[in-house]
Amino acid sequence: VARIEQTENPEMMNERVKKQPKSTKFDKVVKREICQISTRGTRVASVQDLEIVSPDSSFLLSIVEKMDNRTKTPNFGVCFIDTSI
């Protein structure tokens with residue numbers, strides 16, 4: 001699920017259109033942008049999460065790889081946490 005928000009108001013849109021040498025019908029629309037993408041595994045501390053509170057643990061595993069330029073070997077960072085709210 002993607003949450004989209006309006007990122008400019010009509011006055012800002014008019015200013016943007018004025019600055020463009022040639023505007024199309026697509027330019028004359030108030031800008032909207034994706035501000036959050038949520039998946040089944042997405043957890044945020046919000047009012048919405050209060051509805052799905054569960055006694056079960058919920059875990060998150062994150063792995064990052066970074067190449068060491070000096071030794072040309074990969075370094076790994078690993079984080080495993082319980083994200084239950």
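Some observations on this one:
- Restricting attention to the range 64-85 and to residues that are surrounded by 10 or more Cβ atoms within 10 Å (Cβ to Cβ) and β-branched (Val, Ile, Thr), the residue that is modelled with the lowest pLDDT turns out to be Ile85.
- Figure legend. Inter-residue proximity from the range 70-82: first residues under 18 Å from Gly41 (Cα atoms), second residues in a strand (DSSP E or B) and of a type in the set (Phe, Trp, Tyr), beta-carbon distance below 6 Å, spacing 6+ or different chains. Indicated pairs: Asp82/Phe59.
- Positions within the range 1-22 being among the basic types (Lys, Arg) and either under 27 Å from Thr42 (Cα atoms) or at pLDDT 95 or above (or both), in sequence order: Arg3
- Residue match in the range 31-39 (condition: over 15 Å from the mean Cα position of the chain (by Cα) and surrounded by fewer than 10 Cβ atoms within 10 Å (Cβ to Cβ)): no
- For the residues Ser46, Ser54, the requirement of being at pLDDT below 80, surrounded by fewer than 11 Cβ atoms within 10 Å (Cβ to Cβ) and under 17 Å from the mean Cα position of the chain (by Cα) singles out Ser46.
The values are calculated or read from the model by the stated rules, or taken from the named source; none is laboratory data. In this text the structure is predicted, and so the values were computed from the model without any measurement. Don't worry about glycine lacking a Cβ; one is built from the backbone with ideal geometry, like all the others, and counts go over all protein chains shown.
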